[in-house]
2 protein chains.
Amino acid sequence: MVALYGSVHLSFVPEFSPGLEGVVAAETAVSEVDGANGRLIYRGGYLIEDLAPVANFEETAYLLWNGQLPNKIALETLRRQMTIARRLSDSARGAMSALDAQTDAMDTLRTTISAQGATKTLTTPSLEEAIALTAVVPTIVAAAHRRAKGIEVIAAREDLGHAANLLWMLEGKEPSAERVHWLDTYLVLLADHGLNASTFTARVIASTGSDLTSCVVGAIGALKGPAHGGAMYAARTMLDKIGHVDNVEPWMQKAHEEHRRFAGFGHRVYRTYDPRAKILRELAQTAAPDLYRLAARTEEVALKILHEAHPERPNATNVDFWASVVLTGVAIPKELFTCVFATSRVAGWTAHVLESLADLRIIRPASLWKGPQPGIKPLPLADR
Amino acid sequence: MVALYGSVHLSFVPEFSPGLEGVVAAETAVSEVDGANGRLIYRGGYLIEDLAPVANFEETAYLLWNGQLPNKIALETLRRQMTIARRLSDSARGAMSALDAQTDAMDTLRTTISAQGATKTLTTPSLEEAIALTAVVPTIVAAAHRRAKGIEVIAAREDLGHAANLLWMLEGKEPSAERVHWLDTYLVLLADHGLNASTFTARVIASTGSDLTSCVVGAIGALKGPAHGGAMYAARTMLDKIGHVDNVEPWMQKAHEEHRRFAGFGHRVYRTYDPRAKILRELAQTAAPDLYRLAARTEEVALKILHEAHPERPNATNVDFWASVVLTGVAIPKELFTCVFATSRVAGWTAHVLESLADLRIIRPASLWKGPQPGIKPLPLADR
């Protein structure tokens, strides 16, 4: 049987996998999600639970870009490159100022990064650009926040690292080592995760030979969606609505009866407890003890209800659930949760694009036609 | 055999198809590329060669969005909506002004559309937004061009259609009906083309529940690549370098010996002559008779060389080759070719996103791990 669809050298109807579930779209050595065993492996073969205690965000980004962890000299060089790149260009500053101060922070990030990375002629993605784009994200996120509050924007400090600088630029006071550590751990854990939708977006854009800024701008747009980066905000909002440990059971039961989805539960890939969620859950006990108790009870009830309804489904807590608790402990305003996710994942996006350059081939899938077969001629306007 | 890769409920190693060639990523009724038979079918079942003579760009966009061609009243309503939406917001105007006037026009388009579509809260993609984003593209493209030339930006005219307005805003004088017709035909022919890389980008971004502006901004980034929308510029540049009919044979032979690719030849999907290229080739005879002669000779020599080198390959002329000749006849500066492509394809991007809303599922493919298996523990910084 020869099917009518957008790629013709196959003579059978290929199976259609909605959402490309299980379809291999790339080979990669940047990260591997071993969903069956609940393992996340970063470049070099490191398990996330081994890496998180020994590396901060800068070291992790270096690993994803270069394939090995930096020594002290390499790390110092990277820190210096990032310090310089934290400054916004005049174009980027101007583009941001043109936006309404109450603009969605992700829209501000998308527009300002697009201006920051705009060039006169097409550039091939480079490590230098990856460092620059990664370095500047917290500057934009913090500035967007302070503009929305109507307070003066603060410049980065040369003596602070990446996580600390985000908090410094948000708040204008030096953050405690504890809060920096919690945020840094989050940034390490979320830096890459296989072919998630935003990383895949970056790779599709790169596949046409486009520039790195275009890849990152597209990825920001994908991350914004509530089924992706927007999930932390949804999880925190759910916890806010529940409000108190005593309300958990009735609130969740009612939500379940009304067929509302529980924010922060379910994941395409993991069939066991997400290894990142496990680390963040532990961190949450110290970072946000009150919210932790509410969240732990919510998780217990959610998993019970979900298991009773669908015993066959592996409805595990996802990373967004516990991440929202940890970021609350760091005192990140929830309107910025998705932007803080972008602060981390931009390392992965850029690492994937750089990796893909070695064997660039345009990503152009086929489609199944569900429209009418041709035959009818269109009428001119006068006869319609 | 159980493989270690990013989706675990399959117990075999799925075949990896680089570039997702032949992999079905969506069902669609927006357009169908029947590569085997050299047919392009637009929504409703219309063959492109039947549609182009009876519909202009606005009618085609209406068809892609709504599933049927508009009657006079519906078309008048659409024209009025587009007239209003051609105006840039203060944010967009400010963002554009912040960019260096010599910025790549596609980077200006990416940044300015991002500002134009920025909102305070997440919006679900709507037909109204699709119309607005489509309408405003020529305004940005023309303004980018005039800024680069250091001349005053011109506002759209209410009495002109979409193609005519682009020329009016570029040049500040009323274009001839002939030139409007050539440009309009180009805009109709390029408005959609199955799951090409930029349209696929838009669908991946939409699949997370993100907004329409994010989808369009991502798609602009993908279109920018030389393997996609950038191909027209490359084709025209090649013709410029050849320069004269007498140079064709030696120039192409030399390029072939030096393993340089011929711009404007080869396509992932078509195995016969691209039906759009056929229409544009005919148009080119009138639109740009001199360049037509050079291009026709170049095509003849290119196909001969390519066929001798790879008789098994269907090396057909692609749409970008003849489109570059027609747009030259319209007197579009070649730095704007990719932007003019975006002016057309934004109709398809937005139509695909609106279609995908009916059954939204996050697009998250699997990957094959080519890194080391986990086992080694990472060393802390002090020991590296």
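The values are calculated or read from the model by the stated rules, or taken from the named source; none is laboratory data. Fair warning: this is a prediction, and the values are worked out from it, not measured in the lab. Virtual Cβ from ideal backbone geometry, glycine too; neighbours counted across all protein chains shown. These accessible areas exclude ligands, DNA and RNA; they are computed on the full protein's heavy atoms, side chains included. Shrake-Rupley method; radii C 1.70, N 1.55, O 1.52, S 1.80 Å.
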Of the options B:VAL248, A:VAL204, A:GLY230, report the single residue whose Cα projects farthest towards the positive end of the charge dipole of the protein assembly as shown (beta-carbon charges: Lys, Arg +1; Asp, Glu -1).
-> A:GLY230
Per residue, what volume in Å³ does the Cα convex hull of region A:231-329 take up?
-> 84 Å³
Give me a single rounded figure for A:223-232: the average over its residues of other chain Cβ atoms within 10 Å of their Cβ.
-> 5
Enter the Cα centre distance for the pair region B:336-384 and region A:232-246, rounded to the nearest angstrom.
-> 30 Å
Skip the ligands, DNA and RNA, and give the accessible area per residue of the protein assembly as shown with a 1.4 Å probe, whole Å².
-> 37 Å²
Can you work out ³J(HN,Hα) from phi for every residue in region B:105-122, in order, using Karplus 6.51 cos²θ - 1.76 cosθ + 1.60 and θ = phi - 60°, giving whole Hz and x for Gly and Pro?
-> 4, 5, 5, 5, 4, 4, 6, 6, 5, 4, 6, 4, x, 5, 9, 7, 9, 4
Shielding of B:113-126 by other chains, given as the mean Cβ count within 10 Å, works out to 5
Using only Cα atoms, locate the centre of region B:110-178 and the centre of region B:247-268, then give the distance between them in Å, rounded to an integer.
-> 36 Å
When the Karplus curve 6.51 cos²θ - 1.76 cosθ + 1.60 is applied with θ = phi - 60°, which whole-Hz ³J(HN,Hα) does each residue of region B:27-39 get, with x for Gly and Pro?
-> 9, 8, 10, 7, 7, 9, 9, 9, x, 5, 9, x, 10
Under a 5 Å amide H to amide H cut-off, with H placed in plane at 1.01 Å, what residues pair with A:ALA118 once short-range neighbours are removed?
-> none
One quarter of the C-alpha convex hull surface, i.e. the mean projected area of chain B in nm², amounts to 24.7 nm²
Distance in nm between pseudo-label sites at A:LYS120 and A:ARG87 (7 Å out along the Cβ direction from Cα) = 2.0 nm
Looking only at other chains, what is the average number of their beta-carbon atoms within 10 angstrom of each beta-carbon in A:269-280?
-> 1
Mind listing which trypsin sites (Lys or Arg not before Pro) in region B:102-199 are in a DSSP loop and have 10 or fewer other Cβ atoms within 10 Å?
-> B:LYS173
Label distances, nm, B:GLU27 versus same residue in remaining copies, Cβ-directed 7 Å point = 3.4
The orientation-averaged projected area of the Cα convex hull of region B:84-222, in nm², is 8.7 nm²
In region B:247-285, which trypsin sites (Lys or Arg not before Pro) fall in coil by DSSP and have 13 or fewer other Cβ atoms within 10 Å?
-> B:ARG260, B:ARG261
Please list, or write none, the lysines whose alpha carbon is within less than 27 Å of the alpha carbon of A:LYS254, excluding same-chain residues fewer than 8 places away.
-> A:LYS241, A:LYS304, A:LYS334
Enumerate the calculated ³J(HN,Hα) couplings along region B:360-373 in order (Karplus 6.51 cos²θ - 1.76 cosθ + 1.60, θ = phi - 60°), each rounded to whole Hz, writing x wherever the residue is Gly or Pro.
-> 6, 9, 4, 8, 9, x, 8, 9, 9, 7, 10, x, x, 5
Between B and A, buried accessible area summed over both sides at probe 1.4 Å, in Å² to the nearest 100?
-> 10200 Å²
Among B:THR123, A:ILE305, B:LEU195, flag the residue with its Cα farthest along the positive direction of the charge dipole of the protein assembly as shown, charges on Cβ as +1 for Lys/Arg and -1 for Asp/Glu.
-> B:THR123
Could you tell me what percent of the accessible area of region B:231-329 is made up of carbon and sulfur, with a 1.4 Å probe and every protein chain present?
-> 51 percent
Applying 1/(1 + (r/R0)^6) with R0 = 45 Å to the Cβ-Cβ distance of A:ASP290 and A:ASN66, what FRET efficiency is obtained, to the nearest 0.05?
-> 0.65
Can you list the residues of region A:81-115 with backbone N under 17 Å from a point 7 Å past the Cα of B:GLN102, pointing along Cα to Cβ?
-> A:90-91
Would you grab the residues whose amide H sits under 5 Å from the one on A:SER31? Only those 5+ places off in sequence or on another chain, please, with H modelled 1.01 Å from N.
-> A:GLY194
Using all Cα-Cα distances in region A:123-164, what percent lands in each 5 angstrom bin from 0 up to the longest?
-> 5, 20, 23, 21, 16, 9, 5, 2
Just tell me the longest site-free run in chain A, where the sites are GluC sites (Glu not before Pro) in a DSSP loop having at most 10 other beta-carbon atoms within 10 Å.
-> A:16-151
For label points placed 7 Å from Cα toward Cβ, what is the shortest-first list of nm distances from B:ARG87 to its copies?
-> 3.9
For region B:9-95, compute Rh as the Kirkwood radius over C-alpha pairs and then the Stokes-Einstein diffusion coefficient at 25 °C and 0.890 mPa s; write the answer in µm²/s, rounded to an integer.
-> 148 µm²/s
Largest fluctuation, B:ARG86, B:ARG39, B:ARG364 only, Gaussian network model of chain B with Cα springs under 10 angstrom, belongs to B:ARG364
Please work out the ratio of the alpha-carbon Rg of the protein assembly as shown to 2.2 N^0.38 Å and round it to two decimals.
-> 0.95
B:GLU308 to B:GLU171: extension gain in nm, 0.36 nm per residue of separation minus the Cα-Cα distance?
-> 44.9 nm
Taking only DSSP H segments of four or more residues, each worth -39500 (n - 2.57), what value at 222 nm results for the protein assembly as shown once the sum is divided by all its residues, to the nearest 500 deg cm²/dmol?
-> -17000 deg cm²/dmol
Given +1 on the Cβ of Lys and Arg, -1 on the Cβ of Asp and Glu, and no further charges, what dipole in debye does the protein assembly as shown carry about its Cα centre, rounded to the nearest 20?
-> 480 debye
Express in Å², to the nearest 10, the accessible area of B:MET238 obtained by rolling a 1.4 Å probe over the protein heavy atoms while all chains stay in place.
-> 10 Å²
Place the label 7 angstrom along Cα→C-beta at A:LYS72 and in each other copy, then list the distances from the first to the rest in nm, shortest first.
-> 8.4
